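Chemist: Can you read through this structure? Questions will come right after.
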Amino acid sequence: MPVIPINYYIFLSLALFTIGIVGVLTRRNAIIIFMCIELMLNAVNVLLVAFSKMHHVAAFATDRATTAGTEAQLFVFFIMVVAAAEVTVGLAIIVMLYRNIHSVDINFLNRLKH
Amino acid sequence: MSKYVFLIPLLPLVGFMINGLGRNFLSRMLVNIVGCGVLIASFVVSLLVFREVAAPGATPMVIRYFDFIKAGGLDIQASFLVDQLSALFLLVITGIGSLIHVYSTAYMHEETTAHYARYFAYLNLFVFSMLLLVLGSNFVVMFIGWEGVGLCSYLLIGYWFENKSYNNAAKKAFVMNRIGDLGFLLAIFWMLSQFGSIAYADVFSKASTAPTTVLTGITILLFVGAMGKSAQIPLYTWLPDAMAGPTPVSALIHAATMVTAGIYMIARSNVLFTLAPISQNLVAIIGISTALLAATIALKQNDIKKVLAYSTVSQLGLMFLALGVGAYTAGVFHVMTHAFFKALLFLGAGSVIHAMHHEQDIMKMGGLRKKLPITHITFLIGCLAIAGIPPFAGFFSKDEILTAALEKHPVYYVLALATSLMTAFYMFRLYFLTFSGKFRGSHEQEHHLHESPVPMTLPLIVLAILSVVGGWIGIPAVFAENAHLLSNFLSPVVASVRPAHPAIHLTHSSELALMGGVLVLILVMIVLASKKFAKENIDTAEPSGFSAVLSNKWYVDEIYEAIVVRPINWISSFLSRVVDNKLIDGLVNGVGKGVQFSARQFRLLQSGQVGSYILIMMIAIILFFIFQLFWKL
């Protein structure tokens, strides 16, 4: 089986992350910003899994019983769980926001400044 | 006896504490008892200590009390040294101190009790400091006493602190003394770095190992200290102004004891000075110049205390001449006799001032001989003693200084002789103007003229006796071989160094002839003074020409004012106006204003736009990565 070089994963992750960043910076819709944050988190997840696999394959070549390099995959699950919790809270906030000001435009959320 | 040495300074300190703290509720009688009692007790202990030291075969006692400063290699002990020199000074200080305390009880009787107690507290503190000064076994303890006497001098000159000019006189004395003290302090530091110790024993035993230049530097700095304390050119101007204090204070501090601290210090470090001929010459030159200058000023002063003050400066100059030519014993001898007759003269003057209701102008006195018989007789004895008439005390000590000066260099001799002649003239001018002729003051003053009470006349009589016999412990070899008791007594500590090649070698007969010649000249001076001032009508016209220069003290105060005081005032006002107000304040306020300003600018970043925060965060992260990855440090 041909192995996909690690560079591909890195560039994919970079692209996803950049899309996320640009989305957060340019969009004003809170929901879209939220999605972009998720995109950034998952870009990191992709990278974690890719490196994890790479290290595991390298270690597996010498020792068949090794579990080296698999911790990152566990870490990805943590991130997913935290992201899910965050989405729950975040979406709830957005719903409450919408009920109050009938908009999800973050540029209206500058009341603390005044 | 060494067990009880600590009592000598401790007793006056206790007296200071009691009188100082209890000044508001102690009765006058108690103040008297405490103030004089501690001094007399201290005198008795000093006598016992002296007797022990004077016993044949006595060795110097070093009594250690505790570690004063101990840090690394530095070890400064709080310890006392009792040897012949300090024992002699102990006697002079506590003895004359006791007499002056007794005298003060009558002289200061017009003061309110609280001020009266304050006066005695200061006086006791002064004696404590002075005893510390002479008892210390290293330069640091001496310096503590040195500063203490300076402080007490300041406090007592400014005793009548309601009078602004008295306060100024006190400040002047303090500042002048500080200049000298700096020299002393530097000398201590230098000795510490050179010898690793400031105990007399260590310093003097290692002195010959140090290079001459270093010794010269140290001794000149020591002498700068002595200049301040003992009122020598250029720091002498404080002493005449110090007459603002009560007269007994002038007698004790500014004539008999404190001002001789410089002599004591140099006599104590005679080992160093002998090894540094340049400093010795400097001491002699400064000494004789001061003696001459002060004597000329004294010729034209009309304030009874000012004449005595300039006379003191002049006599101190002679003592420094003696030290400078290596006749340390003669210097110490003159300190002692001078303490007797100058204290006597000051106390006599105090008695006159007391009788005249605080009138100090001798032009307003005259004819006091009949009204103040005891004061008159004792004052006359003082004058004879200071003029150098045998067999009074001053004759022996002055003659010894003159002889030593002649052996060193004839110029010193001529100048010292001129000083002595002027001394005789102005002292008898003072005497005749005060006691003979007819009274020139107001009727009221004349009506109230009275002899002083016993507590004042008793010290006068005792001091008069001392002024007569005090010189007999130093009879020169021309009269009797080996009769110079003082020189024999002091020889273990202070050995006079005779020049190896005296400029003029004196045989006994030529010495006697010189002595006779000097005596005749002095008598001529006295006769001149009597011709000029013992008559009924005294010329009281304003002085003109050269005598105006003299009566204005060579305008030294004015010169100092112009070249020192004014520039310093100008610099301080410049520093205050420009440096402090503009620069320092500008800097401090500038920091505050800068922070406020930048805060106002940075506040604008806080826009509330979440996007802009994230943008800044991003830029920061990217910069961080660039630094981390591409900036190879």
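We did not get these values from a lab; they are worked out from the coordinates using the rules stated. In this text, all values refer to a predicted model and were calculated from it rather than measured experimentally. Virtual Cβ from ideal backbone geometry, glycine too; neighbours counted across all protein chains shown.
Chemist: Ignoring solvent entirely, what values of log10 I(q)/I(0) come out of the Debye formula for region B:560-630 at 0.12, 0.19 Å⁻¹ when each Cα is a single scatterer?
Modeler: Those come out to -0.63, -0.88, one per q.
Chemist: Which order results if B:L521, A:L16, B:L125 are arranged by neighbouring Cβ count within 10 Å, fewest first? Let's see the in-between values first.
Modeler: Numbers: B:L521 15, A:L16 20, B:L125 23.
Lowest to highest Cβ neighbour count: B:L521, A:L16, B:L125.
Chemist: Springs between alpha-carbon atoms under 10 Å, Gaussian network over chain A: tell me which of A:A58, A:A84, A:A50 tops the mean-square fluctuations.
Modeler: A:A58
Chemist: As I understand it, the value is the acute angle between the Cα axis of helix B:164-195 and the longest principal axis of the Cα atoms of chain B; what does it come to in degrees, rounded to 10?
Modeler: 70
Chemist: Could I ask something else about it? Residue-wise, which Karplus ³J(HN,Hα) couplings in Hz belong to region B:440-450, taking 6.51 cos²θ - 1.76 cosθ + 1.60, θ = phi - 60°, and x for glycine or proline?
Modeler: Taking θ as phi minus 60°, the curve returns 10, x, 6, 4, 4, 4, 5, 5, 8, 4, 7 Hz for region B:440-450.
Chemist: For region B:548-560, what does the Karplus curve 6.51 cos²θ - 1.76 cosθ + 1.60, with θ = phi - 60°, yield as ³J(HN,Hα) per residue in whole Hz, taken in order and with x for Gly and Pro?
Modeler: With coefficients 6.51, -1.76 and 1.60, one gets 5, 4, 5, 5, 8, 6, 6, 6, 5, 4, 5, 5, 4 Hz.
Chemist: Treating only the Cβ of Lys, Arg, Asp and Glu as charged (+1, +1, -1, -1), what charge dipole size does chain B show about its Cα centre? Round to the nearest 20 debye. The partial results should precede the final answer.
Modeler: Numbers: 39 positive and 30 negative charges, 211 e Å.
In debye, rounded to 20, chain B gives about 1020.
Chemist: Let me ask something else. For chain A, what does the helix formula give at 222 nm: sum of -39500 (n - 2.57) over DSSP H segments with n ≥ 4, over the residue count, nearest 500 deg cm²/dmol? Kindly include the intermediate steps, with their values, before the conclusion.
Modeler: On the way: 3 runs with 83 residues, N = 114.
The helix contribution divided over chain A gives -26000 deg cm²/dmol.
Chemist: Which cross-chain or sequence-distant (5 or more) residues have an amide H under 5 Å from the amide H of B:L368, H modelled 1.01 Å from N in plane?
Modeler: B:F435, B:S436
Chemist: Oh, and also: Just to confirm the number: angle between the C-alpha axis of helix B:28-54 and the first principal axis of chain B, 0 to 90 degrees, nearest 10?
Modeler: Around 80 degrees separate the two axes.
Chemist: Turning to a different aspect of this structure: What do you get for trypsin sites (Lys or Arg not before Pro) in region A:1-90 restricted to DSSP loop and a cutoff of at most 11 other Cβ within 10 Å of the site's Cβ?
Modeler: Numbers: sites: A:R27, A:R28, A:K53, A:R64; in loops: A:R27, A:R28, A:R64.
Sparse-neighbourhood loop trypsin sites (Lys or Arg not before Pro): A:R64.
Chemist: Sticking with this one: Among the chymotrypsin sites (Phe, Trp or Tyr not before Pro) within region B:1-93, which fall in a DSSP loop and have no more than 11 other Cβ atoms within 10 Å of their own Cβ?
Modeler: Taking region B:1-93 and a limit of 11 other Cβ atoms within 10 Å, the loop chymotrypsin sites (Phe, Trp or Tyr not before Pro) found are B:F25.
Chemist: Starting from the exponent 0.38 and prefactor 2.2 Å, build the expected Rg for chain B from its residue count and divide its actual Cα Rg by it.
Modeler: Details: Rg = 29.7 Å, N = 633, 2.2 N^0.38 = 25.5 Å.
Relative to the 2.2 N^0.38 Å estimate, chain B comes out at 1.17.
Chemist: As a check on your grasp of the helix formula, calculate [θ] at 222 nm for chain B: sum -39500 (n - 2.57) over DSSP H runs of n ≥ 4, divide by the residue count, round to the nearest 500.
Modeler: It lands at -22500 deg cm²/dmol.
Chemist: Oh, and also: Calculate, axis by axis, the spread of Cα positions in region B:513-633 along the three principal axes, and write the results as whole Å, longest axis first.
Modeler: Taking the Cα atoms of region B:513-633, the three principal extents are 111, 39, 18 Å.
Chemist: Does anyone have the angle between helix B:7-21 and the longest principal axis of chain B? Alpha-carbon axes, 0 to 90°, nearest 10?
Modeler: The helix B:7-21 is inclined about 70 degrees to chain B.
Chemist: Using the Cα centre of the protein assembly as shown as the reference point, and only Cβ charges (+1 on K/R, -1 on D/E), how large is the resulting charge dipole? Debye, rounded to the nearest 20.
Modeler: So the magnitude is around 1280 debye.
Chemist: Over 21 Å between Cα atoms: which of B:K371/B:K398; B:K300/B:K371; B:K300/B:K342; B:K306/B:K364; B:K171/B:K229 fall into that group?
Modeler: B:K371/B:K398; B:K300/B:K371
Chemist: Given axes a ≥ b ≥ c from the Cα gyration tensor, I'd like to know whether region B:1-137 is rounded (a/c under 1.5), prolate (a/b larger than b/c) or oblate.
Modeler: Since a/c reaches 1.5 but b/c is at least a/b, the shape of region B:1-137 is classed as oblate.
Chemist: Got a sec? How would B:K398, B:K3, B:K535, B:K370 order by Cβ neighbour count within 10 Å, fewest to most?
Modeler: Working: B:K398 30, B:K3 7, B:K535 13, B:K370 10.
With the fewest neighbours first, B:K398, B:K3, B:K535, B:K370 line up as B:K3, B:K370, B:K535, B:K398.
Chemist: Ok, one more. Residue by residue through region A:88-98, which ³J(HN,Hα) values in whole Hz follow from phi under the Karplus form 6.51 cos²θ - 1.76 cosθ + 1.60 (θ = phi - 60°), with glycine and proline marked x?
Modeler: For region A:88-98, the Karplus-derived couplings read 4, 4, x, 5, 4, 4, 4, 4, 4, 4, 4 Hz, x marking Gly and Pro.
Chemist: Taking the Cα centre of region A:6-101 as origin and charging only Cβ (+1 Lys, Arg; -1 Asp, Glu), how large is the dipole, in debye to the nearest 20?
Modeler: 260
Chemist: Between Rg and the Kirkwood Rh of the protein assembly as shown, both from Cα atoms, what is the Rg to Rh ratio?
Modeler: Checking Rg against Rh, the ratio lands at 1.36.
Chemist: Give the range of the longest stretch in chain B that excludes all GluC sites (Glu not before Pro) found in loop regions by DSSP and having at most 10 other beta-carbon atoms within 10 Å.
Modeler: Segment B:163-480 is the longest.
Chemist: Provide a whole-number value for the mean count of partner chain Cβ atoms within 10 Å of the Cβ atoms in peptide A:21-30.
Modeler: Mean partner shielding for this stretch: 2.
Chemist: Moving to a separate point now. Which residue, B:V141, B:G287, B:P277, has the largest displacement toward the positive end of the dipole of chain B when charges sit on each Cβ (Lys, Arg +1; Asp, Glu -1)?
Modeler: Ranked along the dipole, the leading option is B:V141.
Chemist: Any number yet on Rg/Rh for region A:6-101, C-alpha, Kirkwood? The partial results should precede the final answer.
Modeler: On the way: Rg = 17.2 Å, Rh = 15.1 Å.
Reported Rg/Rh (Cα atoms, Kirkwood Rh): 1.14.
Chemist: Which residue, chosen from B:F341, B:L235, B:A309, occupies the Cα position most advanced towards the positive end of the dipole of the protein assembly as shown, where the dipole is computed from +1 (Lys, Arg) and -1 (Asp, Glu) charges on Cβ about the Cα centre?
Modeler: Working it through, the farthest residue towards the positive pole turns out to be B:L235.
Chemist: Can you sort B:S27, B:S197 so the residue with the fewest Cβ neighbours within 10 Å comes first?
Modeler: Details: B:S27 11, B:S197 20.
Listing B:S27, B:S197 from fewest to most nearby Cβ atoms yields B:S27, B:S197.
Chemist: Hey, if you put +1 on the Cβ of every Lys and Arg and -1 on every Asp and Glu Cβ in the protein assembly as shown, which of B:M61, B:I100, B:I563 ends up farthest toward the positive end of that dipole?
Modeler: B:I563
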